[in-house]
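Worksheet for the structure shown next.
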Amino acid sequence: MQVFLKLKWFFKENWKSYTIGVFALMIVAVLQLVPPRIIGEVIDEIAAGMITSNSLMRWLIILFITALSQYILRYIWRVRIWGNAAKLERIIRNRLYRHFTEMDSQFFQKYRTGDLMAHATNDLRSIRMVAGGGILTMADSLSITIVTITAMFLIIDWRLTILAVLPLPLLAFSSRYLGKMLHVRFRDAQEAFSRMNNKVQESLQGVKVIKTFGQEKEDIDEFKVQTDHILAKNKEVYKIDSIFDPVLTLIIGISYTIAIVVGGNLIINNEITVGEFVTFISYLGMLVWPMFAIGRLFNIVERGSASYERVELLLNEQSSIFEKESAIHQAISGELSFDIESFSYPDDEKVVLEDVHFSVKKGETIGIVGKTGAGKSTILKLLLREYDEYTGSIQFDQQDIRDYSLDALLENIGYVPQNNFLFSASIRDNIRFSNPNLSQEEVERAAKLADVHEDILKMPQGYDTETGERGVSLSGGQQQRVSIARAIVKNPELMILDDSLSAVDAKTEEKILSSLRRIRDEQTTIIVAHRISSLMHADEIIVLEDGKIIERGKHDELVQLAGWYSDMYEQQQLETLAPGMEGA
């Protein structure tokens, strides 16, 4: 029952609403005693030959008023209790979502998307049931049990009542024992569901790769293994779950047996009437639901407890990136100075950046090049504050970026990655993502600068064309250019192009870069690329190898050095000329 203590903060906030709902529930429990009592009275009147049309009408009116009152009160408690449960689910879901958006990249490396989705769906449903079905079941079963046993004790016969309820304490012991077993098994079942979610999410995202390599059968077989595992884990849950009802039925059966034997003797000895015995059996029947409800309550609570533990684990995760209390909220501006003595990724002793120093004046462009694994992406991650633990500093206008608020920093950086992410929305909405109220004229201006406007106009629905999930309806080059247009709209102080022109031809690349140079002559740009042509007009180019700068300078200067940059440039020039040479 500790999950109720963990949710105390919510019950405290909504105690008035819960009090009204539980009070209405208790009144319903009292009113439920009326029909069996009336039936007993009618039976005794019939047996005594005292029944009349007036007395029968009186009993019917009382029954009608009782039924109407129960209807109204049931409406009240349903709205209050289930409404609060839905409110709790909304609160925790919003809290989880906000937490996801505030976490750093290490968090998303630790938890996969499918796992997070399982927490935000299945686990929250189980927690909602605690605040709804759990409170309802507990209040309903307790109120009915107390009211009914009290009525049996005072109205019918105290001896018969005591003997009939003697087996009921066995229920508490069996429910507690089975509940502990259920808790462990349900948690394992939820974890198995999370793993399957991961599998589905990953396979759907990589379905093209699966088909290309002809791995459909293997993927389906692997999914079958996952579903079989879930089935096995859920079978373990249901095995324990299915024991509850037989145990309850056995205990209740013993109570009925005692009631019939003892009650029959009391009738024979004229200590109670037949009508009273019928009323008692009806009241005993009313205790069937609370007995089953207690088992159901343990089921709900243990499931909710296991799910709440899983959600708590996520919410207790702390981001390694945090804002200072005195964080600067002014937008970044001025000269960018990148001075890193050394940097290693968490839990990895290998130094990935060492003695990397460069500066970019406001309005300048710097190019970064190097072979795969040289450290290019790591530089960008530090600029975007994905990691804060490093020896050295990164400054804007002599102010460390760790002194800025995340909004002040990130809202003024336009980042265009190589693997672009487009939302499942129209092209227009993707371009104006940072400013949904942007005019069509401004959207088209950005698209023209990114050289994608003509492509969009050729599409059946123009700017209203849906990009599909992750931009699947667009080509790779179109995705990159729409992403560049999205960054242009933001008009950032720092624009980062992370090999984001790799899917366009050289002519289109030069056109886009010329447009960017024209409109960003007073803002800073960083271009990371494998293709030398993307960097030729940069104010400075740095060449990385194994996390160190091995060459730096302008394009012409680096070509004359006859080093790595020069070799790569000549190789790419030959690759460009190769088709023409073959034709000759």
Fill in the blank from the handout: Across region 543-568, the tally of residues that are open to solvent by 40 Å² or more (accessible area, probe 1.4 Å) and part of a loop (DSSP other than H, G, I, E, B) stands at 3
Practice task
Could you tell me whether any residue of region 392-407 is modelled with pLDDT under 90, part of a loop (DSSP other than H, G, I, E, B) and over 24 Å from Met103 (Cβ atoms)?
Solution key: yes
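Take the residues of region 495-512 that are part of a helix (DSSP H, G or I) and among the hydrophobic types (A, V, I, L, M, F, W, C): which is surrounded by the most Cβ atoms within 10 Å (Cβ to Cβ)? Show your work before the answer.
So the first thing to find is which residues in region 495-512 are part of a helix (DSSP H, G or I), and the list is 506-512.
Subset that is among the hydrophobic types (A, V, I, L, M, F, W, C): 506, 512.
On the way: Ala506: 13, Ile512: 24.
Result: Ile512.
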Exercise for the section: Evaluate region 220-242: report whether one residue or more is over 25 Å from the mean Cα position of the chain (by Cα), at pLDDT below 75, over 30 Å from Ile76 (Cβ atoms) and buried (at least 17 other Cβ atoms within 10 Å of the Cβ). Expected result: yes
Fill in the blank from the handout: Per the filter on region 248-275, residues open to solvent by less than 40 Å² (accessible area, probe 1.4 Å) and either at pLDDT below 80 or part of a helix (DSSP H, G or I) (or both) are Leu248, Ile251, Ile252, Gly253, Ser255, Ala259, Val262, Gly263, Gly264, Leu266, Gly275
Problem - Contacts under 7 angstrom Cβ, first residue in region 298-313 being at negative phi, partner charged (D, E, K, R), 6 or more apart - result: Asn299/Asp241; Ala306/Arg187; Ser307/Asp123; Tyr308/Lys6; Arg310/Asp123; Val311/Asp123
Problem - Unique residue being within 30 Å of Phe280 (Cβ to Cβ), aliphatic (A, V, I, L, M) and either surrounded by 12 or more Cβ atoms within 10 Å (Cβ to Cβ) or touching an Asp or Glu at 6+ places or on another chain (Cβ under 6 Å) (or both) when the list is Ile27, Ile61 - result: Ile27
Practice task
Out of the residues in region 318-353 that are among the aromatic types (Phe, Trp, Tyr) and in a loop (DSSP other than H, G, I, E, B), state the one that is farthest from Asn491 (Cα to Cα).
Solution key: Tyr345
Practice task
Determine which member of the set Ser483, Ser515, Ser424 is outside any loop (DSSP other than H, G, I, E, B), of a type in the set (S, T, N, Q), in contact (Cβ under 8 Å) with a residue 12 or more places away in the chain and surrounded by fewer than 22 Cβ atoms within 10 Å (Cβ to Cβ).
Solution key: Ser515
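Residue by residue, here is whether (1) closer than 28 Å to Val274 by Cα; (2) touching a residue at least 12 places away in the same chain (Cβ under 8 Å); (3) not in a helix (DSSP H, G or I) holds:
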| residue | (1), (2), (3) |
| --- | --- |
| Glu41 | yes, yes, no |
| Ile46 | yes, no, no |
| Gln70 | yes, yes, no |
| Leu73 | no, yes, no |
| Arg90 | no, no, no |
| Phe100 | no, yes, no |
| Asp115 | no, yes, no |
| Ala118 | no, yes, no |
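For every residue, the table says whether it meets (1) closer than 22 Å to Ser319 by Cα; (2) out of contact with any helix residue (DSSP H, G or I) (no Cβ under 6 Å at 6 or more places or on another chain).
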{"residue": "Val356", "(1), (2)": "no, yes"}
{"residue": "Val360", "(1), (2)": "no, yes"}
{"residue": "Ser377", "(1), (2)": "yes, yes"}
{"residue": "Lys381", "(1), (2)": "yes, yes"}
{"residue": "Thr391", "(1), (2)": "yes, yes"}
{"residue": "Arg402", "(1), (2)": "yes, yes"}
{"residue": "Leu410", "(1), (2)": "yes, yes"}
{"residue": "Val416", "(1), (2)": "no, no"}
Practice task
Kindly list, by first and then second residue, each pair from a residue in region 551-578 that is of a type in the set (A, V, I, L, M) to a residue that is open to solvent by 80 Å² or more (accessible area, probe 1.4 Å) and at pLDDT 90 or above, limited to pairs with Cβ atoms under 9 Å and residues at least 6 apart or on different chains.
Solution key: Leu558/Arg552
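Residue-by-condition table, conditions (1) assigned to a helix (DSSP H, G or I); (2) small (Gly, Ala, Ser); (3) closer than 19 Å to Glu309 by Cα; (4) at pLDDT 80 or above:
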position	(1), (2), (3), (4)
Leu124	yes, no, yes, yes
Met129	yes, no, yes, yes
Gly132	yes, yes, yes, yes
Ala139	yes, yes, no, yes
Ile149	yes, no, no, yes
Pro167	no, no, no, no
Ser174	yes, yes, no, no
Gln190	yes, no, yes, no
Arg195	yes, no, yes, no
Fill in the blank from the handout: Flagged in region 526-542 as outside any loop (DSSP other than H, G, I, E, B) and crowded, with 23+ Cβ neighbours inside 10 Å, in numbering order, are Ile526, Ile527, Val528, Ser534, Ile541, Ile542
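For every residue, the table says whether it meets (1) farther than 18 Å from Val147 by Cα; (2) within 32 Å of the chain's Cα centre (by Cα).
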site: Trp9; (1), (2): yes, yes
site: Glu13; (1), (2): yes, yes
site: Ser17; (1), (2): yes, yes
site: Leu33; (1), (2): no, no
site: Ala47; (1), (2): yes, no
site: Trp59; (1), (2): yes, no
site: Ser69; (1), (2): no, no
site: Leu73; (1), (2): no, no
site: Gly83; (1), (2): yes, yes
Problem - Of the criteria (1) at pLDDT 85 or above; (2) open to solvent by less than 20 Å² (accessible area, probe 1.4 Å); (3) not charged (D, E, K, R), which one His329 fails - result: (2)
Handout entry: Out of Glu386, Glu441, Glu411, sole residue that is under 26 Å from Asp348 (Cα atoms) and open to solvent by 50 Å² or more (accessible area, probe 1.4 Å)
Key = Glu386
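Going through Pro460, Pro492 one at a time, which residue ends up being out of contact with any helix residue (DSSP H, G or I) (no Cβ under 9 Å at 6 or more places or on another chain), open to solvent by less than 10 Å² (accessible area, probe 1.4 Å), outside any helix (DSSP H, G or I) and not charged (D, E, K, R)?
On the way: Pro460 fails: open to solvent by less than 10 Å² (accessible area, probe 1.4 Å).
Just a single option satisfies the conditions, and that option is Pro492.
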Problem - Enumeration of residues in region 119-136 that are within 13 Å of Gln190 (Cβ to Cβ), buried (at least 23 other Cβ atoms within 10 Å of the Cβ) and among the hydrophobic types (A, V, I, L, M, F, W, C) - result: Ile127
Exercise for the section: Select from region 463-478 the residues that are part of a helix (DSSP H, G or I) and of a type in the set (Gly, Ala, Ser) and write down the one among them that is surrounded by the fewest Cβ atoms within 10 Å (Cβ to Cβ). Expected result: Gly476
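The values are calculated or read from the model by the stated rules, or taken from the named source; none is laboratory data. Please read all numbers here as calculations on a predicted model, not as lab measurements. Note that each Cβ is placed from the backbone with ideal geometry, even for glycine, and that neighbours are counted across all protein chains shown. Protein only, heavy atoms only, side chains kept; ligands, DNA and RNA dropped before computing areas. Shrake-Rupley method; radii C 1.70, N 1.55, O 1.52, S 1.80 Å.
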